[in-house]
Structures are given as structure tokens and as C-alpha cells.
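What follows is calculated from the coordinates using simple rules that are stated; it is not laboratory data. Everything numeric here is computed off the predicted structure, so don't read it as measured data. Backbone-built Cβ (ideal geometry, glycine too); neighbour counts: all protein chains shown.
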Amino acid sequence: MTYAIEGTTGPWEVVVGLEVHAQVTSNAKLFSGAATAFGAEPNSQVSFVDAAFPGMLPVINGECVAQAVRTGLGLNARINPVSRFDRKNYFYADLPAGYQISQYEHPIVGTGMVEVELADGTTKMIGITRLHLEQDAGKSLHDQHPAKSFIDLNRAGVALMEIVSEPDIRGPEEAGAYIRKLRSILRYLGTCDGNMEEGSLRADVNVSVRKINELYRTRCEIKNLNSVRFIMQAIEAEARRQVEVWEAGGTVMQETRLFDSGRNLTRSMRSKEDAHDYRYFPDPDLLPLVLEEDWIAALKASLPELPDAKRARFIQMYGLSPYDAAVLVAEKATADYYETVARGRDPKIAANWVTGDFFAALNRLGRSIDDPPVTAAALGGLLDLMADNTINGRIAKDVFEAMLETGQDAATIVDERGLRQVTDTGAIDAAVDRILAANPGKVAEYRSGKDKLFGFFVGQTMKAMAGKGNPGLINAVLKQRLDAQKE
Ligand code: MN
């Protein structure tokens, strides 16, 4: 057990299962032709079906079904050839029909598996219980008017995939790794944009605690978390609360709770409802969904290379460490960028530059991989100048900074600023002469056995040559000159 909460009675294991709602990438809603663009004028993307006008009939959107199947395949899950839509009845002001069309007993996707990479370099398999299709509700706006609430139905009827995990997750770190991996897979598949700020991906978190080797204790559900950080913080806060309750001799009650990120605690929202409270029944307006084997096979054949496969390929093909490979494949755009840089070049040097200086520049400049400050081709050009000894590694860092500032390519900067590496041994000899003559004391110390001073002479010579000396040649000349008269 790697993660535990230390209580007064000893360690507690934290058991977590996630229910993720992922908005399906689709131009139209699950049962209507209304548009789904984010940020549109309120109530401008609402059909009579979405507004639940009497007599309107839902018509299934085939693309949403295909997206759910693609996602199931990407999660290594069983695709159910027959699934069914049910009505989940409840009242809410932004749910005009008084029920949500969802899938209860017969979801479109069954059990699956996701492999997550943990910080210590190990991996863990997290089971997927199911994935079902359902409609989103509208939105109540409480901040537009002092006394009134407004309803925006643009989101009403938008297709969601509810992806339920097994309670295989132990603690916040694993939950964070799971949601990141899930998001990565969805984005590779193009089935959900994974934008948590816009609410395209949000999670309900089920948390319980237990002593080692115990059965599960009562869980609580924390609703509607919309960032990886909040998911992790909510799990930590809720688990600590439950440990305190149990250790004080109390009982954790099954309920739905909300996370208050400002105060870093969860508070009670309502006692947990059971499935029978919703009076699920098959939606009489919709036939069971029957999928043909050939159609599923065609979707499977058209799936892109997914993160796990890409990671394995990067390790095998480019000789990268599992860690570097995982970092590079997390976003498809990053993986593509890396491969452009690595093509025909040293793949490890390419990986170091992309995950090192390039990522640091993205962070510092607040840029994304989709809008890089230096193109992959331009970074490749810089690496070429190092590979053919036009510049050394030290100068390359400066050239990269100049590329960020000016947008010029590496060769132009090197030419204009006279940064070519000096490989003329006459010039290096002259610089070494000057340094040795200027530091007779240090020379004597070195020759009497203080080997560590060698680095000092290298540094001084490089400095005398404005950083442009060839490091290999400087080392060789210094070694020869210093060691010649060594006692
Ligand atoms: Mn749901």
C-alpha cells in the first residue's frame, strides 16, 4: 500500500471510484439536430425536442453512437451489441422534460481497462465498469438578476458519455493519473475535447476509507469536480473527514457532498438517492440500439494510434526512457512535434530539447503546443547545427533564446551574430596560452595534483573565446599542455 492516511488508530486505505461525464464531440445533440458549440448566445441552440415540447420525438444521432463505441474500443472495453435507453425521472428547473434519457441496465459499453503511469515509474490497471450514453441538462443562471434565475437550454440534450471506473483507485495521486490518462485517450480518439474549464469533462468522485484487509466501508459521492487539482484535493479532504468520523466512534453516512475549494473541505448536499428513486423505465419513444458487428469492426480499424501504443513505439523506436516517452505522448500534438524534430536526428537529444528547453519556453511564455513559439522544423534546424559542429551545446542555448525572441531560424542567427564554433586549433592554442600565463598559481596547484582545477581552465578558456570554442578541442589542448609538465 503506497498511499495511506495516518490516523490515531494507524493507517487507513483510501478507496476511490470515479464517474466521469465526458461531452461527446459532435456537431449536433444526442436526440436532436440543434448545434452544440460552446459559448453561444443563451437559448440559441435549442430545438423543440431539447425544450421538451409536447409530442416531440427524439431521433438518435448516429455520430454520437459511433463516438461512444470508439471510446469503448479505446478503453479496451466490451461493446454491447444491444443497448437500451431509459428515462431517469427527476425534477429540475433546467430539465424541461422532467426526465433525462440515459442508459441504466443495458449500457452501450461494458467492462474495460485503463493503464495509468504513476510518479514512481510504475503502472497500474484501473478497471472500467461501464460507459453509457445520456443527455446533459440545461443550465440555471443565478447571477444575472438580483431576484430571478434564468435558464439556458443550449446544453440541454447534448450527448454525454458517463464513464464509470471500478473502485480500483487508491488515493489522490492515482485519481489524478487516471483522469489525465482518460483525458489523453479521449483527445487522441477525438471523442471529447477534454476541456475541463468549459465543463466538457467533469467528475463525480466516490470516496471511502478502510483498514487494511477490510471490506469496503460506506462511501460518499462528491459531485461535479472540474479540474484535476480539485479532484485530488476533494479526495484528500473527504478521506480525512471520514477517518476523523470513524476514529471518533461515529458512522459515515452515504450521501452526496460538494467540495468547497476555498476552504478545502466537503460539505453535505443531500442524502444519497438510490436507483429506485428515479423510477427508471425504458423510453417508449426509442427502440433498443442494435449495433452490427461489421460496423463496430470498421470503427475499430479506423482508430488512431493511442497513447499506450505510441509510448511503446517511442521506447522501442527511439530508445527513450518510459518516463520521457510518457511525457511526450500525453498530447498527440506534442508527440507529433517530437517526431518531426527527431526524424533523421539523434532521438534522445531531440527528446531532451523538447522536454527541456522547449517545454520551459512554452511555460514561460504561456503558449500551447498548438501555437508553439518555435516550430518543430526550426528546432530541428538548431539540432542540425550542433550535430555538424557549427555550434556547441552552450551556444545552442543562446541561439534558442534568440529564436524565441526574433522568430529567426538558427542558421541566420548563428551567421548574423558570428556564433560559429571555433575549431581552429591556432585560436584555441592562443587562448590556452593566455589563460595559463595569467594563472601561474593555479597551474602549479594543478600540476602538483589538484585535478579538480581542470574544469576551471576549461571554463576560463571557453570564456576567453566568448563561449564559441569547441569543447572537445579545448579539453584536448589543455590536457596536453597541463599534463606535459605534470610532476
Ligand atoms: Mn450521469
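In terms of overall dimensions, the C-alpha atoms belonging to the range 357-484 reach 57, 27, 20 Å along their principal axes, ordered largest to smallest. Consider a paramagnetic label point 7 Å from the Cα of Asp398 along Cα→Cβ; state which residues of the range 419-441 have an amide N under 16 Å from it. Under cut-off, by backbone N: 419-423. Scalar couplings 3J(HN,Hα) for the range 72-85, obtained by applying the Karplus form with A = 6.51, B = -1.76, C = 1.60 to θ = phi - 60°, are x, 5, x, 9, 6, 10, 6, 9, 7, x, 10, 9, 8, 9 Hz; x denotes Gly and Pro.
Going down the table (Lys348/Lys450; Lys88/Lys139; Lys348/Lys397; Lys452/Lys479; Lys310/Lys397), which pairs top 23 Å between alpha carbons?
Details: Lys348/Lys450 35 Å; Lys88/Lys139 18 Å; Lys348/Lys397 17 Å; Lys452/Lys479 13 Å; Lys310/Lys397 29 Å.
Long pairs (Cα-Cα over 23 Å): Lys348/Lys450; Lys310/Lys397.
Rounded to the nearest whole Hz, the Karplus-based 3J(HN,Hα) values (6.51 cos²θ - 1.76 cosθ + 1.60, θ = phi - 60°) of the range 279-294 follow the sequence 6, 4, 8, x, 5, x, 8, 10, 6, x, 8, 10, 9, 8, 4, 4, with x at glycine and proline.
Rounded to the nearest 10 degrees, the angle from helix 393-406 to the longest Cα principal axis of the chain is 50 degrees. Put in line by how crowded their Cβ is, counting other Cβ atoms within 10 Å and starting with the fewest, Thr406, Thr334 read Thr406, Thr334.
Given just the C-alpha atoms of the range 175-240, how large is their convex hull per residue in cubic angstrom?
Values: hull volume 6.3 nm³, N = 66.
About 96 Å³ per residue, rounded to a whole number.
Axis of helix 425-438 versus longest Cα principal axis of the chain: the two differ by about 80°, to the nearest ten degrees.
A Förster radius of 51 Å, combined with the Cβ-Cβ distance separating Gln480 from Thr122, puts the computed FRET efficiency at roughly 0.55.
For the range 234-268, the residues whose amide N sits under 12 Å from a probe point set 7 Å from the Cα of Thr9 along the beta carbon direction are 243-252.
Let's test the formula: R0 of 51 Å, r as the Cβ-Cβ distance of His142 and Ala248. What FRET efficiency results, to the nearest 0.05? List each step's numbers first, then the result.
Details: r = 36 Å, r/R0 = 0.70.
It comes to 0.90.
With 5 Å bins from zero, work out the P(r) of the range 305-416 over every alpha carbon pair and list the percent per bin. Using 5 Å bins, I get a P(r) of 2, 12, 24, 23, 19, 12, 5, 2, 0 for the range 305-416.
Would you list Ile151, Ile169 from fewest to most Cβ contacts within 10 Å?
On the way: Ile151 16, Ile169 28.
Exposure proxy ranking, most exposed first: Ile151, Ile169.
With only alpha-carbon pairs counted, each pair once and no self-pairs, how large is the Kirkwood hydrodynamic radius of the range 425-483 in angstroms?
Values: mean 1/r = 0.0894 Å⁻¹.
This gives a value of 11.2 Å.
The separation of the range 331-352 from the range 221-280, counted between C-alpha centres, amounts to 43 Å. Assign one of three labels to the range 1-111, namely rounded, prolate or oblate, based on the Cα gyration tensor with a ≥ b ≥ c the square roots of its eigenvalues; rounded applies when a/c is under 1.5, prolate when it is not and a/b is larger than b/c, and oblate otherwise. Prolate, because a/c is 1.5 or more and a/b exceeds b/c.
Listed by Cβ neighbour count within 10 Å, with the fewest neighbours leading, His21, His145 appear as His145, His21.
Pair-distance distribution of the chain: all C-alpha pairs, bin width 20 Å, starting at 0; shares per bin in whole percent are 19, 40, 26, 13, 2, 0.
Axis of helix 376-387 versus longest Cα principal axis of the chain: the two differ by about 30°, to the nearest ten degrees.
Determine, from the Cβ-Cβ distance of Thr406 and Ala360 and an R0 of 25 Å, the FRET efficiency 1/(1 + (r/R0)^6), rounded to the nearest 0.05.
Working: r = 18 Å, r/R0 = 0.73.
Approximately 0.85, to the nearest 0.05.
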